[in-house]
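Data block below; observations after.
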Amino acid sequence: MPPDLANQFNPLACQADFTYSMTPATVKIQDTGKGKKSVAEDLEAVLLKIEYWHQGSIASYRISYLSTQGTEHPIEWDGQTARVRWQRKRHAIFTAAGLFLVAD
C-alpha cells in the first residue's frame, strides 16, 4: 500500500500504528506499539481511518481492541464517539463454602 500522504502532514491524523481484520460482523484491531500514541489514546482517529479504508461505517460491527499487553477490550462506536469498555480480570476462588469471583 502506498504511503498515506494526506495523513502524514495532518497533525490531527491518526498517530497510532495498528493492524486490523474484518469479517462481515466484526472488526478486530491490534495495537503494534510502534505509533506515537496507543490505539486506546487515539481510538476515534483509528476508527475513522478504518472507516475511510473500508469506505463505509463500521458502527454496526462488533469491534474489539487488542492491546500491546494482549488484553482484548470491546469498543463501543457510534460513528462519532468511541469508548473502550475496560474489563477487569476475574479470578475464581474455590473454597469449602463454595465458589467466589474476585476482581483485580
Original post:
trypsin sites (Lys or Arg not before Pro), restricted to the stretch 9-83: which are DSSP loop and have at most 12 other Cβ atoms within 10 Å?
Top reply: Lys34, Lys36
Subject >> Karplus-derived HN-Hα couplings along the stretch 42-52 (A = 6.51, B = -1.76, C = 1.60, θ = phi - 60°), whole Hz, x at Gly and Pro >> reply: 10, 4, 5, 5, 4, 5, 5, 5, 5, 4, 5
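Each value in this text was obtained by applying a stated rule to the coordinates, not by laboratory testing. Everything numeric here is computed off the predicted structure, so don't read it as measured data. Don't worry about glycine lacking a Cβ; one is built from the backbone with ideal geometry, like all the others, and counts go over all protein chains shown.
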